[in-house]
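Visitor: Take this structure, written in structure tokens, and hold onto it; I'll ask about it next.
The values are calculated or read from the model by the stated rules, or taken from the named source; none is laboratory data. Computed from a predicted structure; not experimentally measured. Glycine also receives a Cβ, built like all others from the backbone with ideal geometry; neighbour counts cover every protein chain displayed.
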Amino acid sequence: MPFWLRAACCVLAFTATTAGGVLVARRFIPPDDVAPSYICFWAGAKLVVAGQSPYDPASQARVQQQYGWNKATDGLGFWDFLPYYYPPSLMTPLSTLLVPLGYPLARLTWFVINVELFLLAGYLLRGVRTGVASWAPLVVVPLFAPSLYSMFVGQLVALIFVAIVVVWRLLQDRWDRTAGWLLAWITIKPQLTVLFLLAVLLWSARQRRWRVLHGFALGSVTLLAVSMAVIPSWPIDLIRAMLDQPLPTADRPWVGSTWLLLLRTVGLHGWTLWVAYAALALPLLIVALRAALDRDARLPDVIALSLLVTFFVAPYARAYDFPVLLIPLLLLLGGRLPALWRAFLPTVFIVLPFVHLWRLAGGGVGFAFMPHVWLFWIPALLTIAWIATMWRADVRPSGR
């Protein structure tokens, strides 16, 4: 079947499944009980449809307050509105397509789409070489505690997760130009995707798969041209929004979960902070980039290492971003670790995050401002396990 026809069939099937899921969800789930973060995507989409900048703070506040945003309750006294920081990407056309549904139905649809995307990611992971049983991703991906957290909060990581796996499968099947095009459109959260993007492009160049770079260049030009035609001022508006509307970690570093935020949480600042940050972030970044430039490196290993190192290099991430770490976890369980550790690791990463999230949320601050930073043990432990296996001959097969 031609690729365009397969893609059209997939879109139609996904649309039909979403419609059926929404019809069922409307009977049992009030829209106000799920996806509270969706209000910022809704405001951004409404402004884009109206031909206005989605980054304008006054417009965002006006739209969100029109749909019920309250600083005292929803913003916990911190946000006048939930800031929209996302550059043009796959998310933009998806969110604008939901505008005609109206806010309550669109919010419930967003929740259903998140559930579907995690299930889809698990299904697609069966077709890549992780080494685990085919049923394992279908169970692990949607039942991972941060995945469930992301679903109910209404975040974007499910879309990022699916895009990463689709790029992986396209490259595996030699659909290089299509993979490059998609790479250009997945900068949904740059802090999560930039290192992955760079690693895959370096790997593609090293493997002389130039069509990936051609597709990426064409996709980037198309995305930039469409974005500038719709909102010509968006780059300047985005930079201004990030400067004028600081992230919640500016005053509360413990609500994020990266190496830099962990150091800030324990009290480091000034030059001691940056020395401690660079002492770990730079060596890991070099390891990730060297792996991408290795002619014998396998693509799954390059992808997994780039996702792990992201949480040591990125200035900002939260616990609902952790589902992407399931890719290195599945690869570890697929043969990189000794049998004893493969039996032990699922309990650690499936059971303990539930317990830990429950304890953190019970501190009286709610999910928005709970101390995500203490969940940093998840990327830290996975990275230690991965680095420990990198020099084992039996887990470094040659090939592509």
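Visitor: Only residues in the stretch 256-269 that are within 7 Å of PHE376 (Cβ to Cβ) and free of Cβ contacts under 8 Å to residues at least 24 places away in the same chain count as the first member; pair them with residues that are part of a loop (DSSP other than H, G, I, E, B) and of a type in the set (A, V, I, L, M), Cβ under 7 angstrom, at least 6 apart or cross-chain, and list the lot.
Guide: No pair meets every condition.
Visitor: So which of LEU202, LEU213 ends up being in a helix (DSSP H, G or I), over 14 Å from TRP181 (Cβ atoms) and at pLDDT 95 or above?
Guide: On the way: LEU213 fails: over 14 Å from TRP181 (Cβ atoms).
LEU202 is the lone residue from the list that is in a helix (DSSP H, G or I), over 14 Å from TRP181 (Cβ atoms) and at pLDDT 95 or above.
Visitor: Looking at the stretch 131-157, which of its residues are of a type in the set (A, V, I, L, M) and assigned to a loop (DSSP other than H, G, I, E, B)? Walk me through how you get there before you give the answer.
Guide: At the first step, the residues of the stretch 131-157 found to be of a type in the set (A, V, I, L, M) are 132-133, 136, 138-141, 143, 145, 148, 151, 153, 156-157.
Selection gives VAL132, ALA133, LEU156.
Visitor: Another question, if that's okay. Any chance the stretch 272-290 includes a residue that's in a helix (DSSP H, G or I), closer than 18 Å to TRP377 by Cβ and basic (Lys, Arg)?
Guide: no
Visitor: Go through VAL128, VAL157, VAL132 for me and flag whichever is in contact with an Asp or Glu (Cβ under 7 Å, 6 or more places away or on another chain), of a type outside the set (S, T, N, Q), more than 20 Å from ALA19 (Cβ to Cβ) and in contact (Cβ under 8 Å) with a residue 40 or more places away in the chain.
Guide: None of the other options fit; the residue is VAL157.
Visitor: Let me ask another. From TRP254, TRP203, which residue is more than 20 Å from TRP185 (Cβ to Cβ), surrounded by 15 or more Cβ atoms within 10 Å (Cβ to Cβ) and among the aromatic types (Phe, Trp, Tyr)?
Guide: TRP254
Visitor: Suppose the filter is in contact with a helix residue (DSSP H, G or I) (Cβ under 7 Å, 6 or more places away or on another chain), assigned to a helix (DSSP H, G or I) and surrounded by 22 or more Cβ atoms within 10 Å (Cβ to Cβ); does LEU120 pass it?
Guide: Taking the combined requirement at face value, the residue does not satisfy it.
Visitor: Let me ask another. Failed condition for GLN60, given (1) assigned to a helix (DSSP H, G or I); (2) surrounded by fewer than 17 Cβ atoms within 10 Å (Cβ to Cβ), with all others met?
Guide: (2) is the only condition that GLN60 fails.
Visitor: Okay, next question. If you scan the stretch 336-347, which residues turn out to be part of a helix (DSSP H, G or I) and buried (at least 16 other Cβ atoms within 10 Å of the Cβ)?
Guide: ARG336, ARG342, LEU345
So that you can scan it fast, the table gives a plain yes or no per residue for (1) free of Cβ contacts under 8 Å to residues at least 40 places away in the same chain; (2) among the hydroxyl-bearing types (Ser, Thr, Tyr):
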{"residue": "ALA45", "(1), (2)": "no, no"}
{"residue": "PRO83", "(1), (2)": "no, no"}
{"residue": "TYR86", "(1), (2)": "no, yes"}
{"residue": "LEU101", "(1), (2)": "yes, no"}
{"residue": "ARG107", "(1), (2)": "no, no"}
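Visitor: Also, quick follow-up: Report, ordered by the first and then the second residue, all pairs with beta carbons closer than 6 Å, sequence separation of six or more or different chains, a first member in the stretch 195-215 that is free of Cβ contacts under 8 Å to residues at least 24 places away in the same chain, and a second member that is in a helix (DSSP H, G or I).
Guide: Taking only residues 6 or more apart or on different chains, the pairs are LEU197/LEU183.
Visitor: Also: If PRO246 satisfies every condition in (1) in a helix (DSSP H, G or I); (2) at pLDDT below 95 but one, which is the exception?
Guide: Among (1) in a helix (DSSP H, G or I); (2) at pLDDT below 95, the lone unmet condition for PRO246 is (1).
Visitor: Ok, one more. Out of LYS71, LYS46, I need the residue that is surrounded by fewer than 19 Cβ atoms within 10 Å (Cβ to Cβ), basic (Lys, Arg) and within 22 Å of PRO31 (Cβ to Cβ). Which one?
Guide: From the options LYS71, LYS46, the qualifying one is LYS71.
Visitor: In addition: Among the numbered criteria (1) assigned to a helix (DSSP H, G or I); (2) farther than 23 Å from ALA121 by Cα, which one does PHE41 miss?
Guide: All conditions pass for PHE41, except number (2).
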